[in-house]
1. Does at least one position in segment 147-159 carry a residue that is at pLDDT 95 or above, out of contact with any Pro (no Cβ under 6 Å at 6 or more places or on another chain) and closer than 30 Å to Leu48 by Cβ?
2. Go through segment 15-45 and count every residue that is farther than 20 Å from Ser100 by Cβ and in contact with a helix residue (DSSP H, G or I) (Cβ under 9 Å, 6 or more places away or on another chain).
3. Return a yes/no flag: does segment 15-25 have any residue that is modelled with pLDDT of 95 or more, part of a strand (DSSP E or B) and not basic (Lys, Arg).
4. Scan segment 154-175 residue by residue and report those that are surrounded by 17 or more Cβ atoms within 10 Å (Cβ to Cβ) and either within 19 Å of the chain's Cα centre (by Cα) or acidic (Asp, Glu) (or both).
5. Of (1) buried (at least 22 other Cβ atoms within 10 Å of the Cβ); (2) in contact with a Ser or Thr (Cβ under 7 Å, 6 or more places away or on another chain); (3) not aromatic (Phe, Trp, Tyr), Gly31 satisfies all except one. Which?
6. Test each condition in (1) at pLDDT below 90; (2) assigned to a helix (DSSP H, G or I); (3) not basic (Lys, Arg) for Leu287 and report the one that comes out false.
7. Of the residues Pro62, Pro68, which single one is under 17 Å from Gly138 (Cα atoms), buried (at least 21 other Cβ atoms within 10 Å of the Cβ) and not acidic (Asp, Glu)?
8. How do the pairs read when you match residues in segment 70-85 that are farther than 18 Å from Ser107 by Cα with residues anywhere that are of a type in the set (Lys, Arg) and surrounded by 14 or more Cβ atoms within 10 Å (Cβ to Cβ), using Cβ under 9 Å and keeping only pairs 6 or more apart or on different chains?
Amino acid sequence: MFKNLSPRAIGIRDLPLEGTVALAAAHGFAGIDLDIREAAALARARGLDHVRRLFADAGVRPGQWGLPVAWRDDARWRADLAELPELAALGVALGCARTSTFMPSGSDERPYAENFAWHVERFRPIAETLREQGCRLGIEFLGPQTLRARFRHEFIHTLDALLELRDAIGAGNVGVLLDAWHLYTAGAPRPMSRGWTRATWSWSTSTTPPAGIPRDAQIDSVRELPLATRGDRSARLHGRAARAGLRRPVTVEPFNQALNEVARDDPDQAARLVSQSLDRLWQAADLR
């Protein structure tokens, strides 16, 4: 497992790829979240070798790239899908065959069964296209009750339900972007209720629920850094993952107002604080 930096997730905005790589290297991150379209534009302008050297010279790798398909947009997703083979091939050429997206936990239009079938229909061609390029797709479920309550119809918000969707997609290259926060807010009784395999868990994000707030009242945009509060299960979760042989990027995604304010004024300090929080997680979970 390795420390992975997502600048936007910690409140750092509009940082170009070169700056993100430099920031990660300066604060001990082994990988970064990559905007694959930005990387493609840079490769067209400067060449693929230039982008490769950018990472190699800094000792940083692409940890994962966000799925460049607006799959919930009926008017746009097919055009994005047509561009996906080229972008996925670039990811592979840069040594990163992981892409991810999150999935809303409800719908105002489609009841559960209809929505399930819709997601299978929408995700299957995306996953198959990625598979042809040797790439995996990680899907993140969202656990908080406060998110689900916004919708007329509740949808997938637990690990087991997402694994059922993965099986129905049937492409063989779909895994879970597993977030300790969403496991907790979904009410998971155990860190993993089934399917603890390398094929199940693609990579993870790690944050801590604020203290003193009941689980069903937790707000998705109000989180703490890993191990910031008692009862945080991040160390146990990632320790189990390491012992199971998983070697995945671990990203901090706190959506934390105080950290965002630090990032606005001093991006270096924000990256330093996040790196230190992951160092504590590494120590607590005995990660190597």
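The values are calculated or read from the model by the stated rules, or taken from the named source; none is laboratory data. Just so we're clear, the structure is a prediction, and the values are computed from it rather than from any experiment. Backbone-built Cβ (ideal geometry, glycine too); neighbour counts: all protein chains shown.
1. The answer is no; no qualifying residue exists.
2. The number of residues fulfilling the criteria is 11.
3. Looking through segment 15-25, none of the residues is modelled with pLDDT of 95 or more, part of a strand (DSSP E or B) and not basic (Lys, Arg).
4. Here is the first cut: in segment 154-175, the ones surrounded by 17 or more Cβ atoms within 10 Å (Cβ to Cβ) are 155-159, 162-163, 165-166, 169, 171, 173-175.
The answer is Ile156, His157, Thr158, Leu159, Leu162, Leu163, Leu165, Arg166, Asn173, Val174, Gly175.
5. Gly31 satisfies every listed condition except (2).
6. The one condition Leu287 does not meet is (2).
7. Pro62
8. Pairs that qualify, where the first residue is farther than 18 Å from Ser107 by Cα and the partner is of a type in the set (Lys, Arg) and surrounded by 14 or more Cβ atoms within 10 Å (Cβ to Cβ), are Trp77/Arg122; Glu83/Arg37.
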